[in-house]
Every structure is written in structure tokens, then in C-alpha cells.
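Please treat every number below as a calculation from the coordinates, not as lab data. Bear in mind that the values here come from a model prediction, so they are computed numbers and not experimental data. Here Cβ is always computed from backbone atoms with ideal geometry, including for glycine, and neighbour counts include all displayed protein chains.
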Amino acid sequence: MSHEGMERRECERFVVPGAEVYCKEEGFFFSKKQTDDFYPVFDISRGGLHFLSQNPMKDNAKVSLKLVIPGEDATITITGRVKWVAPNTGQSYNYQIGIQFDPYGTKKGNNDPESLKKLTALEQKFK
């Protein structure tokens, strides 16, 4: 199965209790730091994630993510694009943000295949 251009519907979503993400938006020549905070992850799949944030993000913005899973030794560092932003009215976090991960592979700009292995292991553990 090719993991290039993975569609959301091809990947089962799962919840990892206590998972958090640090997200920064990439600029043309620089990284724009969104915040120093980690935000709660609503759900994850091999193709992307959905998290809560205090700050909105631009549609299709390129982002770098650091995913922290409780009880796991290492974080998962991965890149992707903002696919949607929705208000989270009346809640402690103002926005819900959906990210689609970049393809996995050895080409420049792809996510490390090791990240896919880690996400697949999490999926097996938490689905």
C-alpha cells in the first residue's frame, strides 16, 4: 500500500489519552512560532491529526509538529498542512485544527518512514 497522498478516510482515527502536540507554522524563509504551549490532541490517524488550540491557523499552511505521547520515550516529529480550522465556541480552547501529514518516504520533504511505523504502532495499541 502506498502512503503517498494518504486520504483521511483511508486511515482509522484513534484517541491517545493525554497526547499533546506542539505546532509551528512554517514561513518561506523561517519558522513562525505559534506558541510555547503544547495543545491537546483530539484524535490521530496515520494520515493526520485533530487538535485543540487557542490560536487560529491559515488554511493550507505548512506546519511542523512535535507529538508527545504519555508513557512513550520519544516524541514523533512530523510535517503536514492545515486542512481545516473550526471555532470551538464556549470551550477552553478557541479552535479545532485538522492537519494532514505530508507523505512518508525517503524523498526530500517527505516525513521519515520511522514516523509512520510509530504511528502504526500507536494505532494498534489505542484503537
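Packing-based ranking of 74-81, 91-98, 43-50 yields 43-50, 74-81, 91-98, ordered from highest to lowest mean Cβ neighbour count within 10 Å.
For the chain, the equivalent ellipsoid derived from the Cα gyration tensor has semi-axes of 21, 18, 14 Å, listed largest first. With contacts taken as Cα pairs under 8 Å and at least 6 residues apart, the chain reaches a relative contact order of 24 percent.
For region 54-127, the extents of the C-alpha atoms along the principal axes are 38, 30, 19 Å, listed from largest to smallest.
Per residue of the chain, the DSSP helices (runs of n ≥ 4 H) give a summed -39500 (n - 2.57) that works out to -3500 deg cm²/dmol at 222 nm.
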